[in-house]
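Visitor: I have a structure I would like to understand better, so I am pasting it below and will then ask my questions one at a time.
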Amino acid sequence: MDEILQSGALSKVVTGGLNTRFWKDVWCGDVAFQDRFPRLFLLSSNANGMVREFWDNDGWNLQWWFPIRGGAQQAMLQ
């Protein structure tokens, strides 16, 4: 997922990120992140969040119900 987010392969103009849902809208690539990464979507503590809510000055800030420490979920993030 990290590679996809950093690639800049936007399929939709996001502008300020206030009108595009991070997980549910198709905005990066050709499929919504909830469908591309269903396990991560289930772990997200902000399933309806807008793109802007996941971005801060340091980069992407994905929000989880609990810390992801390793395993399959960690592998999907990279």
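The values are calculated or read from the model by the stated rules, or taken from the named source; none is laboratory data. Here the structure is a predicted model, which means the values were calculated and not measured. As a convention, Cβ positions derive from the backbone with ideal geometry for all residues, glycine included, and neighbour counts pool all protein chains shown.
Visitor: Which count do you get for residues in the range 1-54 that are surrounded by 15 or more Cβ atoms within 10 Å (Cβ to Cβ), at pLDDT 85 or above and hydrophobic (A, V, I, L, M, F, W, C)?
Guide: Within the range 1-54, residues that are surrounded by 15 or more Cβ atoms within 10 Å (Cβ to Cβ), at pLDDT 85 or above and hydrophobic (A, V, I, L, M, F, W, C) number 13.
Visitor: Also: For the range 19-53, give me the residue count where each residue is within 17 Å of Trp64 (Cα to Cα), outside any helix (DSSP H, G or I) and charged (D, E, K, R).
Guide: 2
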